[in-house]
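Q: Sending over a structure as structure tokens; questions will come in a sec.
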Amino acid sequence: MGRGDLEPADIVRFEEDGPTVVLLDQRRLPDEVVELECRTVEELVVAIRELAVRGAPAIGIAAAYGVALAAARGDDLDAAAAALAASRPTAVNLTWALAEMRHDPSAAHARRLHEEEVARCRAMAAHAAELFGPGTRALTHCNAGGLATGGYGSAVGALRAAWERGLLAHVWVDETRPLLQGSRLTAWELETAGIPHAVIADSAAASLMAAGEVDCVVTGADRIAANGDTANKIGTYSLAVLAAHHDLPFYVVAPTSTIDLDTPTGADIPIEERSGAELTARFPARNPAFDVTPAELITAIVTEHGVRQPVAP
Ligand code: MRU
């Protein structure tokens with residue numbers, strides 16, 4: 001395994017010999033490239049909750065391998081699925097993957113879901129790249145790269161595809177407080193891909209937009225409601241408001257496994273509240289991990305099927 005040039009199986013995989021679910025421990029990147037072996041569903045639930053594996057599609061894939069792990073161990077599959085479903089509330093890919101695994105809990109099926117998710121990323125990235133003009137300077141938030149999707153990436157996949165087509169000049173990488181998925185993970189992936197980039201404080205986005213240094217905002221998603229309202233990492237909504245104010249396009253790139261037609265609007269999306277200790281060791285804190293961007297602030301949602309405008313202009 002090189003620096004950020006990861007194969008899907010480097011990010012998350014199932015090993016029959018064990019059996020184990022093996023994760024690249026994303027908490028320790030980019031300084032240490034270390035794997036974490038989960039021998040039980042309980043260990044995997046802790047790994048998901050503590051963000052050793054994170055990003056909506058990658059959580060779903062890890063959960064699928066978790067069902068395969070439970071099946072290989074002869075565990076109660078309903079109990080395993082319930083424990084995995086409760087590990088994180090916002091990313092709908094988790095419940096999507098568990099539903100997919102119900103009729104076939106085999107490792108082969110989990111591997112197929114993994115391969116299909118990466119294929120969806122490549123397809124949506126190609127569609128999204130068509131939205132980029134030559135010399136685009138894009139801004140992205142959190143990490144929606146291969147680490148977050150089990151390979152290739154959604155928003156970062158779009159940036160990779162635009163770069164390969166010679167359309168991308170530069171990426172502004174929000175550091176993404178409080179757990180720094182941008183400055184740790186996205187910057188690492190862009191560095192490996194050779195894409196020019198610079199990390200910015202989240203609070204620097206407005207002034208860069210005002211200075212004319214941003215051409216578009218590209219993010220992933222954790223859950224897209226039926227009306228197009230989109231939950232993503234906390235801070236995404238602020239970027240969408242800023243983009244609207246500066247008349248910049250705001251693109252969401254996500255697979256259909258992130259679309260939840262059973263959730264009518266963003267107000268119905270459960271938002272994870274994490275420990276205040278992630279913000280401060282001393283003072284009271286409030287730490288919502290996601291926010292909801294209303295559909296009317298989203299210029300286009302790009303899936304493997306193509307480009308859609310959630311609200312007609
Ligand atoms: O808390 P995380 O790191 O699991 O959150 C992930 C995100 O919100 C990402 O921004 C991403 O867009 C969604 S997954 C591709």
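The values are calculated or read from the model by the stated rules, or taken from the named source; none is laboratory data. As the structure is a computational prediction, the values presented were derived from the model and not from experiment. Calculation scope for accessible area: heavy atoms of the full protein, side chains included, ligands and nucleic acids excluded. Shrake-Rupley method; radii C 1.70, N 1.55, O 1.52, S 1.80 Å.
Q: Using a Gaussian network for the chain with springs between C-alpha atoms less than 10 Å apart, which of these wobbles most: Ala201, Ala155, Ala81?
A: Taking springs between Cα atoms under 10 Å, the residue moving most is Ala201.
Q: Determine the share of the chain's accessible area contributed by carbon and sulfur atoms, expressed in whole percent, with a 1.4 angstrom probe. Spell out each step's value before the answer.
A: Numbers: 6420 of 12490 Å².
Summing carbon and sulfur atoms, their accessible area is 51 percent of the total for the chain.
Q: Ranked by accessible surface with a 1.4 Å probe, highest first, in what order do Val173, Val292 come? All intermediate terms of the calculation are to be shown ahead of the outcome.
A: On the way: Val173 0, Val292 35 Å².
I get Val292, Val173, largest accessible area first.
Q: To continue, here is another question. Expressed in whole Å with the largest first, what are the equivalent ellipsoid semi-axes of the stretch 61-108 derived from the C-alpha gyration tensor as the square root of 5 times each eigenvalue?
A: Working: eigenvalues 55, 25, 13 Å².
The three semi-axes for the stretch 61-108 are 17, 11, 8 Å.
Q: Something else: Over every pair of different alpha-carbon atoms in the stretch 171-212, take the mean of 1/r and invert it; report that Kirkwood radius in Å. Don't skip to the answer; put the middle values down first.
A: Working: mean 1/r = 0.0954 Å⁻¹.
About 10.5 Å, per the Kirkwood formula over Cα pairs.
Q: At 1.4 Å probe size, with every protein chain present, just tell me what the per residue accessible area of the chain comes to in Å². Don't skip to the answer; put the middle values down first.
A: Details: 12490 Å² over 313 residues.
Ligands and nucleic acids excluded, the figure is 40 Å² per residue.
Q: May I pose another question? List the relative contact order of the stretch 247-311 as a percent without decimals, with contacts defined as Cα pairs under 8 Å and 6+ residues apart. Walk me through the numbers on the way to the answer.
A: Values: 74 pairs, mean separation 26.0, N = 65.
Reported relative contact order: 40 percent.
Q: Which Rg and Dmax, in Å, describe the Cα atoms of the stretch 116-249?
A: For the stretch 116-249, the Cα-based Rg and Dmax read 13.5, 41 Å.
Q: Please report the relative contact order for the chain, taking Cα pairs under 8 Å with a sequence separation of at least 6, and give it as a percent rounded to a whole number. Write down the numbers at each step before the final one.
A: Details: 704 pairs, mean separation 52.6, N = 313.
About 17 percent, as a whole number.
Q: How would His127, His103 rank on accessible area, largest to smallest, probe 1.4 Å?
A: On the way: His127 55, His103 145 Å².
Per-residue accessible area, sorted high to low, gives His103, His127.
Q: So, one more: Quick one: in the stretch 156-313, what % of C-alpha pairs are over 27 Å apart? Before the final figure, lay out the partial values.
A: On the way: 2951 of 12403 pairs.
Roughly 24 percent, rounded to a whole number.
Q: Sequence-distant or interchain residues sharing an amide H contact under 5 Å with Thr20, placed H: which?
A: Here the answer is Glu15, since their amide H atoms fall under 5 Å of that of Thr20.
Q: Output the antiparallel fraction of DSSP beta bridges having both residues in the chain, as a percent to the nearest 5. Working shown, then result.
A: On the way: 19 of 39 bridges.
Taking every DSSP beta bridge within the chain, about 50 percent pair in antiparallel fashion.
Q: Oh, and also: So, taking all protein chains as they sit and a 1.4 Å probe, how much accessible area belongs to Arg137, in Å² rounded to tens?
A: So the heavy atoms of Arg137 present about 70 Å² to solvent.
Q: Moving to a separate point now. Tell me the angle of helix 155-164 to the major Cα principal axis of the chain, expressed in degrees between 0 and 90 and rounded to the nearest ten.
A: 60
Q: Also: With a 1.4 Å probe and all protein chains kept in place, how much accessible area does Glu7 have, in Å² rounded to the nearest 10?
A: So the heavy atoms of Glu7 present about 120 Å² to solvent.
Q: How much length is gained on full extension from Leu279 to Leu77, taking 0.36 nm per residue of separation minus their Cα-Cα distance? It would help to have the intermediate numbers written out before the result.
A: Working: separation 202, 0.36 × 202 = 72.72 nm, distance 3.60 nm.
Full extension from Leu279 to Leu77 adds 69.1 nm.
Q: Principal axes first, then extents: for the Cα atoms of the stretch 116-171, list largest minus smallest coordinate on each axis, whole Å, largest first.
A: 30, 21, 14
Q: Ignoring everything except DSSP H segments at least 4 long, calculate the 222 nm mean residue ellipticity for the chain; use -39,500 (n - 2.57) per segment, divide by total residues, nearest 500.
A: Working: 11 runs with 109 residues, N = 313.
Mean residue ellipticity at 222 nm (helix-derived): -10000 deg cm²/dmol.
Q: Under the definition of Cα pairs under 8 Å and six or more residues apart, what whole-number percent is the relative contact order of the stretch 138-177?
A: Working: 43 pairs, mean separation 20.3, N = 40.
Averaging sequence separation for qualifying contacts and normalising by length gives 51 percent for the stretch 138-177.
Q: Could I ask something else about it? How many angstrom lie between the C-alpha centres of the stretch 150-184 and the stretch 7-57?
A: For the stretch 150-184 versus the stretch 7-57, the Cα centre distance is 22 Å.
Q: Which angle between 0 and 90 degrees, to the nearest 10, do you get for helix 236-245 versus the longest principal axis of the chain when only C-alpha atoms count?
A: 20
Q: Still on this structure, please answer the following. In Å, what is the Rg of the alpha-carbon atoms in the chain, and how long is Dmax?
A: That works out to 18.3, 59 Å for Rg and Dmax.
Q: Can you pull the semi-axes for the stretch 1-122, root of five times each eigenvalue of the Cα gyration tensor, sorted largest first, whole Å?
A: Values: eigenvalues 85, 46, 41 Å².
They are 21, 15, 14 Å, listed from largest to smallest.
Q: Taking the Cα atoms of the stretch 1-68 alone, what are Rg (to one decimal) and Dmax (as a whole number) in Å?
A: 11.1, 31
Q: Give or take rounding to whole Å, what are the principal axis extents of the alpha carbon atoms in the stretch 222-313, in descending order?
A: Principal extents (largest minus smallest coordinate, Cα): 46, 33, 21 Å.
Q: Could you pull the accessible area for Ile259 with a 1.4 Å probe, rounded to 10 Å²?
A: Roughly 60 Å² of Ile259 is accessible to a 1.4 Å probe.
Q: How would Val34, Val12 rank on accessible area, largest to smallest, probe 1.4 Å?
A: Val34, Val12
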